[in-house]
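The values are calculated or read from the model by the stated rules, or taken from the named source; none is laboratory data. Just so we're clear, the structure is a prediction, and the values are computed from it rather than from any experiment. Reconstructed Cβ throughout: ideal geometry from the backbone, glycine too, with neighbour counts over all protein chains shown.
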Amino acid sequence: MTINSALTHAEGERLAARIAELEHERKHLLAVIEILKEASSSLHFIDILQSIARKLGESFGLDRCSIFLGEKGGKQVRLVASYEDPTIRNYVVDLERYPELKKAMQSGERCSFRRRQ
């Protein structure tokens, strides 16, 4: 193996990694476009949130995807949209029962939690 072929192989690996990264980003952007299309077709806020939860769940292969609304520093939040059960709306959730969700609501970050048994 010569130096030129080793560089070509390394370049090929970098290129393949970059292509995979771009494909991943493309998939995310397509999901955002679909969400925006659905959001623009409805005037109802809750329907828009439900569309977002559904599309995120479908696009990322999630078992569950929920959207909660709450006040900063509040002890409760409202589950306003759910991918796994679209009929659940405006369900009050006590943050003391879900520390992961409480932390996410305080920090503004997304959260994921494992299924409780």
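Here SER59 meets the list (1) polar (S, T, N, Q); (2) closer than 27 Å to LYS27 by Cβ; (3) over 11 Å from the mean Cα position of the chain (by Cα) almost entirely, failing just condition (3).
In this structure, is ILE35 modelled with pLDDT under 85 and either of a type in the set (A, V, I, L, M) or touching a Phe, Trp or Tyr at 6+ places or on another chain (Cβ under 7 Å) (or both)? Here the answer is yes, as ILE35 does meet what is asked. It is to be established whether one or more residues within segment 80-87 are modelled with pLDDT of 85 or more, in contact with a Gly (Cβ under 6 Å, 6 or more places away or on another chain) and under 27 Å from LYS37 (Cα atoms). Yes, some residue in segment 80-87 is modelled with pLDDT of 85 or more, in contact with a Gly (Cβ under 6 Å, 6 or more places away or on another chain) and under 27 Å from LYS37 (Cα atoms).
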